[in-house]
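The values are calculated or read from the model by the stated rules, or taken from the named source; none is laboratory data. Everything quoted here is computed from the prediction, not taken from an experiment. FYI the Cβ positions are ideal-geometry reconstructions off the backbone, even for glycines, and counts take in every protein chain you see. Each accessible area value is taken on the protein alone, full model and side chains, heavy atoms only, with ligands, DNA and RNA left out. Shrake-Rupley method; radii C 1.70, N 1.55, O 1.52, S 1.80 Å.
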Amino acid sequence: MTEGALDSTTFEPARLAALDDPYPVYKSLHLTGRSAIQTASGITCVIGYATADGVLRDGRFRSGPIAERFHKLLPSGPARDELSHRINYLDGEDHTRVRGLVQRAFTPARVRDLRPFVESKAEELLDAAVEDRADNATIDMRASFAHPLPSLVISEMLGVPLTDRDRLTEWTEAVTPLLGVEIPEGKIDRALDASRDFAAYAAELLEGRRRQPGNDLLTAMVEVTDGHERLSREELLSLVVTLYSAGHRTTRDLFCNGLLSLLRHPEQYAAIVADSSLVPGAINEFLRFETPTQYVARVPVIDVEIAGGSFTALIPALILLAAANRDPARFSEPDRFDIRRAEGASLSFASGPHHCLGAALARMESEVMLSAITRRWPRLALAEPAPRWWSSGPFRGVDQLWVQVE
């Protein structure tokens, strides 16, 4: 579907997945001058940065009703159990307790200590990509580098055997359609099967750590306590799936989406080659310009007026992170890619109490990946101008990213 088939008068978020490029649609929404719009189907979509940030930080908006949706839509079993216990969909005391316990295990020191491992694996993958390439000197950066590296890292963090990473990433990809505005009927059975398989695998992992603790994040989560508070079995199972899924897919798409934009601006790629201190700013712009997670949902428990937006109690609100990241009221020339942009953070990791737990890890991995390729290939270029995009649930990324190396 082309962007012309969807505008501010016909916009429905469920149709975003069919678009090759949703950003012209977001631009048309911003041209309405509103910070939030009501769709014909009754969903309130937040498009303004200030309103989105306000909603994400406001305790009157809850995530728990999203879990209730899964109870209604899904049959009893591992998928419903896992999604209803996800930290993303916990509110109040439950969210504070679980997040507090996980943060004790998911520390900045663990991320810092992982960096040498990430740097080593990045070089190994690039070496292998060079060896495996065809005579035409092109490499699919997604398949050879950006896809395997985050899965290797999260496997290392959790203490998952690296030989299992392919089937775990396959399961996480199969489950993602369940997270969308509408669940594609043809993908439900595969998603339910993948949830069952992953739940059984995670249960075996947890039991193994209880019998034989290791020096990994999974053991830390099993053992972490705060007084009498511990993570329940259901919470642990859900966290394993959530951390593996988010730790793999989101980082991959963050890097590939951003690298595509960077290579479309070769002068900015050359600037990083000349000055590696630009790498962190480039990752910030990767996140803003081609947001890997397009939206998240919240439900107001009472009528709310906030930052120019009006919200009716119990009517779901979809926060379009990708649209907020291109809000002209927040970012100057928002459709311009600029690694030197200094206008504050995007909302790609959300904000408020549900700010992404793995944000520091995703940034670190992306910085390592970008540093590695700019050192190795100072004249890297796109081998195809318009790669294919994929979309599943709220997630969007390039399907392949072929580059020309020298």
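A few remarks follow.
- What the Cβ-Cβ distance of Glu68 and Glu406 gives, at R0 = 41 Å and to the nearest 0.05, is a FRET efficiency of 0.15.
- Alpha-carbon gyration tensor eigenvalues x 5, square-rooted, for segment 57-140, Å: 40, 22, 12
- Based on alpha-carbon atoms, the Kirkwood radius and the radius of gyration of segment 116-185 give Rg/Rh equal to 1.08.
- Rolling a 1.4 Å probe over the protein heavy atoms gives the chain an accessible area of 42 Å² per residue.
- Where (i) 33, 27, 20; (ii) 46, 25, 18; (iii) 30, 29, 20 are the candidate values, the label of the one calculated here for semi-axes √(5λ) of the Cα gyration tensor in Å is (iii).
- Couplings 3J(HN,Hα) of segment 33-43, computed from phi: x, 9, 9, 8, 10, 9, 8, 4, 7, x, 8 Hz, in residue order, whole Hz [Karplus 6.51 cos²θ - 1.76 cosθ + 1.60, θ = phi - 60°; x for Gly and Pro].
- Here the calculated FRET efficiency for Glu182 and Cys356, from their Cβ-Cβ distance with R0 = 22 Å, stands at 0.35, rounded to the nearest 0.05.
- Solvent-accessible ranking of Arg249, Arg190, Arg363, Arg57, largest area first, probe 1.4 Å: Arg57, Arg190, Arg363, Arg249
- Solvent exposure, largest accessible area first (probe 1.4 Å, DNA, RNA and ligands not counted), of Glu170, Glu207: Glu170, Glu207
- Nearest-0.05 FRET efficiency for Asp21 and Ala342, computed from C-beta distance (R0 35 Å): 0.85
- Rounded to the nearest Hz, the phi-derived 3J(HN,Hα) couplings of segment 192-197 under the Karplus curve 6.51 cos²θ - 1.76 cosθ + 1.60 (θ = phi - 60°) are 5, 5, 5, 4, 5, 5, where x marks glycine and proline.
- Using heavy atoms of the protein chains and a probe of 1.4 Å, the accessible area assigned to Ile315 is about 60 Å².
- Take the Cα radius of gyration of segment 199-261 and divide it by 2.2 N^0.38 Å, N being the number of residues; the result is 1.41.
- In units of the compact-protein estimate 2.2 N^0.38 Å, segment 74-193 shows a Cα radius of gyration of 1.35.
- Placing a label point 7 Å from the Cα of Arg210 along the Cα-to-Cβ direction, the residues of segment 238-256 with a backbone N closer than 18 Å are 238-241.
- The relative contact order of the chain, computed from alpha carbon pairs under 8 Å that lie at least 6 residues apart in sequence, is 26 percent.
- In segment 239-397, the convex hull through the Cα atoms has an average projected area of 10.6 nm², a quarter of its surface area.
- Residues with amide H under 5 Å from that of Ile319, placed H, sequence gap 5 or more: Val46, Val296, Ala297, Arg298
- Per atom type, segment 341-406 shows carbon and sulfur on 54% of its accessible surface, probed at 1.4 Å.
- The spacing between segment 304-356 and segment 241-276, judged by their C-alpha centroids, is 20 Å.
- Point-to-point label distance, Arg167-Arg376, nm (Cα→Cβ direction, 7 Å offset): 2.9
- Segment 204-332 - percent of accessible surface contributed by carbon and sulfur, probe 1.4 Å: 51
- When Rg and Dmax are taken over the Cα atoms of segment 309-363, they come to 13.7, 41 Å.
- Distance from segment 39-90 to segment 182-217 (C-alpha centre basis), Å: 22
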